[in-house]
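Novice: First the structure, which I've put down as structure tokens, then a few questions once you've had a look.
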Amino acid sequence: MTDASVEPRWRLEWPVSSGQRVGSARLKVSPEDFRVTESLWPEVEGLAGGAEGAGEHLCVRLEKSGDNTEFVARELAQLAGCKAFEVGFCGLKDRHAVTSQWFSLYCPGREASDAELLSAIGERWRALNWRRHARKLRRGEHQANGFELVLREVQGDRQAMEAALALLADRGAPNYFGPQRFGFQGGNLERAVNLDVTRLNRKKGGRRGGGGSGSKNVLYFSAARSWLFNEVLAARVEAGHWFEAMAGEPAVDGSPTGPLWGDGGTTATGEQEQLERSVVAGHPEFERLFLSTRMKPERRALVTRPDKLQWQWQDDNTLRLQFTLPPGQYATTVLADVFELQDMSLSRDNKY
């Protein structure tokens, strides 16, 4: 039996930009309520049918629901007769959604078999587009993700929600990593604290693209890095300057950024460096972890700004939204700055 009075070890909810959310809603009541469309490079996106393309990789845009990206990639490798690491994709998409995304299959010199392979793929998933290309798709190479979402059982003052959405379109939202990254009750963070960092400093052996303990260690390490970023961003949200650059801001497109911690900590200087180091110093277990690695410090935008944000009320309690985000930014993070969301695809009452 859990003592509810005991404070959780890890914070998994962070302050919102206005101090409090102005509404609540249910998300993903059905997969059709969460639609994601991936946009790729123009030279791939604009051509279909394979006749105009050339190269060793067959690129296929699939529409899927109920299957996560890595499962689909493994199944495509079997259908194409190639290795798992020879299937490329740009990002992980939620299986509790209707998603459209590109995959590349390494099939050199097998153009004559493309129609047969596409037919086999079409028996599993809807193939929307395809062409040959010289390059394998890699993580983060897509241009954007388009979202069309439906929120149900929306509660709150409509005028306040409309005003919050207008501010969101203009200023954006804090670009937090979502709580799923940290595991149930922060389990991935607990595992990160207990990592054997010497394994992270060795090159992984075994099969390329394989799983195993090495990939799990990287997952836990990434969770710790993301959590520290959220803590720094939270400090700036509370101080009211999360959407403005500080003195000492590293030059990244002129936008405010926060640290993805590494060996040496942060690339910020001056006032911003002092703030970031003071936040991380409050978590010595993670500070020690990063001192023992050779991970290069990086930066991540503090602001996620939905492009072309539009919304329409379907009825008094149903709201449809459309917007576009760059790679690595999350629709749930954007909406959670306005609404307390209950994700109905999860087995527990998870809130963002």
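Novice: Lysine pairs in the chain with alpha-carbon atoms under 23 Å apart, 8 or more places apart or on different chains: how many are there?
Specialist: Close lysine pairs found across the chain: 23.
Novice: While we're here: Relative contact order for the chain: what percent, with Cα pairs under 8 Å and sequence separation of 6 or more?
Specialist: On the way: 668 pairs, mean separation 85.6, N = 352.
Relative contact order comes out at 24 percent.
Novice: Which percent, nearest 5, of DSSP beta bridges in the chain are antiparallel?
Specialist: Once the DSSP bridges in the chain are tallied, antiparallel ones form about 85 percent.
Novice: Work out the FRET efficiency for residue 153 and residue 112 from their Cβ-Cβ distance, taking R0 = 56 Å, and round it to the nearest 0.05.
Specialist: Efficiency at R0 = 56 Å is approximately 0.60.
Novice: Ranked by accessible surface with a 1.4 Å probe, highest first, in what order do 196, 337 come?
Specialist: 196, 337
Novice: Quick one: length gained pulling residue 184 to residue 171 fully straight, 0.36 nm per residue minus the C-alpha distance? Present the calculation step by step, with values, prior to reporting the outcome.
Specialist: Working: separation 13, 0.36 × 13 = 4.68 nm, distance 3.11 nm.
Full extension of this stretch gives 1.6 nm more.
Novice: Report residue 291's accessible area, 1.4 Å probe, all protein chains in place, as a number in Å² to the nearest 10.
Specialist: 120 Å²
Novice: Tell me, what HN-Hα J-couplings in whole Hz come from the Karplus equation 6.51 cos²θ - 1.76 cosθ + 1.60 at θ = phi - 60° for each residue of the range 259-267, using x for Gly and Pro?
Specialist: Karplus values, whole Hz, x for Gly and Pro: x, 9, 4, x, 5, x, x, 9, 9.
Novice: While we're on this one: How many nm separate the modelled label positions at residue 194 and residue 322, each set 7 Å beyond the Cα in the direction of the Cβ?
Specialist: 4.9 nm
Novice: Provide the gained length on full extension for the span residue 70 to residue 18, in nm with one decimal, where the gain is 0.36 nm per separating residue minus the Cα-Cα distance. All intermediate terms of the calculation are to be shown ahead of the outcome.
Specialist: On the way: separation 52, 0.36 × 52 = 18.72 nm, distance 3.67 nm.
My answer for the length gained is 15.1 nm.
Novice: Here is a further query. Length gain on complete extension for the stretch residue 128 to residue 314, per 0.36 nm per residue less the alpha carbon to alpha carbon distance?
Specialist: On the way: separation 186, 0.36 × 186 = 66.96 nm, distance 2.82 nm.
Full-extension gain reported as 64.1 nm.
Novice: Run the helix sum for the chain: -39,500 (n - 2.57) per DSSP H stretch of 4+ residues, divided by residue count, reported at 222 nm to the nearest 500 deg cm²/dmol.
Specialist: -8500 deg cm²/dmol
Novice: Using packing as a proxy for protection, rank 183-195, 165-177 so that the peptide with the highest average count of other Cβ atoms within 10 Å comes first.
Specialist: Top of the packing list down: 165-177, 183-195.
Novice: What percent does the relative contact order of the range 63-194 come to when contacts are Cα pairs within less than 8 Å and at least six residues apart?
Specialist: For the range 63-194, the relative contact order is 23 percent.
Novice: A further question on this structure: With bins 20 Å wide starting at 0, give me the P(r) of the chain over every alpha carbon pair, in whole percents.
Specialist: 26, 56, 17, 0
Novice: Counting only the heavy atoms of the protein chains, how much of residue 142 is accessible to a 1.4 Å probe, in Å² to the nearest 10?
Specialist: 10 Å²
Novice: Report, please, the projected area of the range 213-325 averaged over directions, based on the convex hull of its C-alpha atoms, in nm².
Specialist: Across all orientations, the range 213-325 yields a mean hull projection of 9.9 nm².
The values are calculated or read from the model by the stated rules, or taken from the named source; none is laboratory data. Treat the numbers as computed from the prediction; the structure is a model and nothing was measured. Note that each Cβ is placed from the backbone with ideal geometry, even for glycine, and that neighbours are counted across all protein chains shown. Surface accessibility is based on the protein's heavy atoms, side chains included, excluding ligands, DNA and RNA. Shrake-Rupley method; radii C 1.70, N 1.55, O 1.52, S 1.80 Å.
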